[in-house]
1. For the chain, what does the helix formula give at 222 nm: sum of -39500 (n - 2.57) over DSSP H segments with n ≥ 4, over the residue count, nearest 500 deg cm²/dmol?
2. Relative contact order for the chain: what percent, with Cα pairs under 8 Å and sequence separation of 6 or more?
3. Need one number: nm distance between label points at residue 40 and residue 22, each 7 Å from Cα along Cα→Cβ, rounded to one decimal.
4. Which one is right for this structure if Rg/Rh (Cα atoms, Kirkwood Rh) is calculated from it: (1) 1.14; (2) 0.96; (3) 1.20?
5. Which links in 29/90; 38/130; 33/153 stretch past 27 Å when you go from one Cα to the other?
6. How large, in percent, is the carbon and sulfur part of the accessible surface of the stretch 96-229 at a probe radius of 1.4 Å?
7. I'd like to verify something in the chain: which complete DSSP H helices, judged by Cα projection on the helix axis, reach 15 Å or more and average at least 0.0 on the Kyte-Doolittle scale?
8. Report the Stokes-Einstein translational diffusion coefficient (µm² s⁻¹, integer) for the stretch 129-254, Rh taken as the Kirkwood radius over Cα pairs, at 20 °C with viscosity 1.002 mPa s.
Amino acid sequence: MHGGGFFTIFLIIAGVSLLFDWYVFAGLKTLTKDWQSKQLKRLVTFGYPFIAMGVTITLLFDFGSFRTAKGMTPLHEWLLSIFLTLLFTKLFFVLILLFGDLWRFFYGIINYFVKPKGKAPAPFFPARRKFISQVAIVVAAVPFTSFFYAMLKGKYNFKLHKETLYFNDLPEAFDGFTITQISDVHSGSFDNTAAVQRGIDMAKAQKSDLFVFTGDLVNDAAWEIKPYMDHFSQLRAPYGQFSILGNHDYGDYINWNSDAKKPKPRFTYR
């Protein structure tokens with residue numbers, strides 16, 4: 001999906017996100033209505049929509065610049081990551097708030113048709129309870145902290161999985177042969193060369209007979225891997241290093257000026 005189609009989808013998501021902002025704003029007003037500090041109340045109530053809407057609007061206005069043949073810059077990566085973090089955080093907040101508002105709606109209908117005698121008339125909808133907003137904050141904190149952990153630390157939480165394969169017709173020469181597979185590096189998301197080197201050292205420590213890479217070395221464009229070329233070039237094995245391209249490596253997620261400008265994949269072995 002390219003150009004206009006991708007932008008249209010993003011425009012719809014951005015519109016939904018802005019609607020969420022309005023709903024979250026209402027929930028924050030309920031949460032802070034009895035706070036003593038007016039400054040803190042204003043900071044929380046108006047600070048959140050200022051940040052959330054600012055990120056969304058910035059992405060919309062800057063959308064064209066990261067849909068070029070250069071791909072997304074680190075700043076765009078961070079903006080998009082923060083946008084998605086806030087989007088899912090808002091989604092959880094809104095779901096809890098919506099549950100409370102549905103309860104208010106049905107309570108109002110029941111109260112309208114079943115009016116106790118002698119009781120003063122009450123508003124059709126009871127006021128939104130602060131407790132619901134508090135629960136929404138706690139629930140929304142889960143995706144918020146999870147996303148930020150993934151953005152800052154989780155992407156460097158490298159894991160080593162060992163598997164032993166058995167084949168009845170495997171030649172004896174391959175008995176004990178070891179292969180290290182690396183996949184989905186997405187180097188455009190990295191910003192810590194020391195942490196990347198730690199992952200390289202984990203792979204080197206396996207002392208495997210063969211190294212294979214199975215796609216998605218970058219997010220969008222080849223320039224993303226350049227700062228880490230010296231690190232990945234350390235991966236050497238007696239029987240060589242082999243690689244295939246993933247969908248992200250073909251440059252299909254950026255807009256080339258023309259088909260002729262799009263470089264053709266080149267396979268090399270060193």
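The values are calculated or read from the model by the stated rules, or taken from the named source; none is laboratory data. Since the structure is predicted, the reported quantities are computational estimates derived from the model, not experimental observations. FYI the Cβ positions are ideal-geometry reconstructions off the backbone, even for glycines, and counts take in every protein chain you see. Heavy atoms of the whole protein, side chains included, go into the accessibility calculation; ligands, DNA and RNA do not. Shrake-Rupley method; radii C 1.70, N 1.55, O 1.52, S 1.80 Å.
1. The helix contribution divided over the chain gives -17000 deg cm²/dmol.
2. Value for the chain: 19 percent.
3. 3.0 nm
4. Answer by label: (1).
5. 33/153
6. Ligands and nucleic acids excluded, carbon and sulfur reach 64 percent.
7. Working: long enough: 3-32 (42 Å, 1.47); 38-61 (33 Å, 0.96); 74-113 (58 Å, 1.38); 130-152 (32 Å, 1.62); 193-204 (16 Å, -0.04).
Going by DSSP H runs, the hits are 3-32, 38-61, 74-113, 130-152.
8. Numbers: Rh = 17.4 Å.
Diffusion coefficient, whole number: 123 µm²/s.
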